[in-house]
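The values are calculated or read from the model by the stated rules, or taken from the named source; none is laboratory data. Just so we're clear, the structure is a prediction, and the values are computed from it rather than from any experiment. Here Cβ is always computed from backbone atoms with ideal geometry, including for glycine, and neighbour counts include all displayed protein chains.
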Amino acid sequence: MSPKKLTQLGHAVRQPASPDKAKLESVANPHADADYLIRFTAPEFTTLCPITAQPDFAHFVLDYVPGRAILESKSFKLYLASFRNVAGFHEDTTLAIAKRVAAEIKPKFLRIAGYWYPRGGIPIDIFWQTGKLPAGVWLPDPGVSPYRGRG
């Protein structure tokens, strides 16, 4: 894999106006000879309800086993922030994130867990995965408790 020029890491970059304008970047996997798991946790994700335009909040856990590339974290952070002023249903938003990451880095395995805070009194949790977890790779529990309100 030829080295890619990173345009965001180490540079002052504005938050993208939308996910379509956000640029996900990757770098060569420095340990492509080994199967291992990478986890990104985004506990303060925000987007907008497509009906009311009120803010929606989620806690995302994205786990993946890289192939030839790993996701550059600053570009991922900016990508997630680009949803802040965009409306979308929980299911669409969760899968859009996972599918975009999978298309960019082509991991051996990817799982996303989207824990959405209540809308209309009901929390919605969305889970999706693609690929096959390689033998011997430890896939920890996402580590997010079910929603319990103030109990």
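Below is a table of values for the structure above.
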{"quantity": "Condition met for ALA32 (surrounded by 19 or more Cβ atoms within 10 Å (Cβ to Cβ) and in a loop (DSSP other than H, G, I, E, B))", "calculated": "no"}
{"quantity": "Residue within segment 91-104 that is touching a residue at least 60 places away in the same chain (Cβ under 8 Å), surrounded by 17 or more Cβ atoms within 10 Å (Cβ to Cβ) and more than 14 Å from the chain's Cα centre (by Cα) present", "calculated": "no"}
{"quantity": "Residue match in segment 130-150 (condition: in contact (Cβ under 8 Å) with a residue 12 or more places away in the chain, touching a helix residue (DSSP H, G or I) at 6+ places or on another chain (Cβ under 6 Å) and within 22 Å of VAL65 (Cα to Cα))", "calculated": "yes"}
{"quantity": "Failed criterion for LYS106 (all others in (1) farther than 22 Å from THR47 by Cα; (2) touching a strand residue (DSSP E or B) at 6+ places or on another chain (Cβ under 6 Å) hold)", "calculated": "(2)"}
{"quantity": "THR7, sole failed condition from (1) of a type in the set (Ser, Thr, Tyr); (2) at pLDDT 95 or above; (3) more than 17 Å from PHE109 (Cα to Cα); (4) surrounded by fewer than 17 Cβ atoms within 10 Å (Cβ to Cβ)", "calculated": "(2)"}
{"quantity": "Tally, over segment 35-74, of residues that are outside any strand (DSSP E or B), free of Cβ contacts under 8 Å to residues at least 60 places away in the same chain and of a type in the set (A, V, I, L, M, F, W, C)", "calculated": "2"}
{"quantity": "Residue list for segment 46-64, filter: among the aliphatic types (A, V, I, L, M) and either more than 30 Å from PRO30 (Cβ to Cβ) or crowded, with 21+ Cβ neighbours inside 10 Å (or both)", "calculated": "LEU48, ILE51, ALA53, ALA58, LEU62"}
{"quantity": "Matching residues, segment 105-135, being of a type in the set (A, V, I, L, M) and either over 18 Å from the mean Cα position of the chain (by Cα) or closer than 16 Å to ILE38 by Cβ (or both)", "calculated": "ILE105, LEU110, ILE112, ALA113, ILE122, LEU133, ALA135"}
{"quantity": "Residues located in segment 96-110, provided they are farther than 16 Å from LEU48 by Cα and either of a type in the set (Lys, Arg) or assigned to a helix (DSSP H, G or I) (or both)", "calculated": "ALA98, LYS99, ARG100, VAL101, ALA102, ALA103, GLU104, ILE105, LYS106, LYS108"}
{"quantity": "Hits in segment 36-61 - residues which are of a type in the set (A, V, I, L, M, F, W, C) and under 14 Å from LEU78 (Cα atoms)", "calculated": "PHE40, ALA42, PHE45"}
{"quantity": "Evaluation of ILE124 against (1) under 13 Å from PHE57 (Cα atoms); (2) assigned to a loop (DSSP other than H, G, I, E, B) (one fails), failing number", "calculated": "(2)"}
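Conditions tested, residue by residue: (1) part of a helix (DSSP H, G or I); (2) at pLDDT below 95; (3) touching a His at 6+ places or on another chain (Cβ under 7 Å); (4) over 24 Å from HIS11 (Cα atoms).
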site	(1), (2), (3), (4)
ASN85	no, yes, no, no
THR93	yes, no, no, yes
TYR115	no, no, yes, yes
ALA135	no, no, no, yes
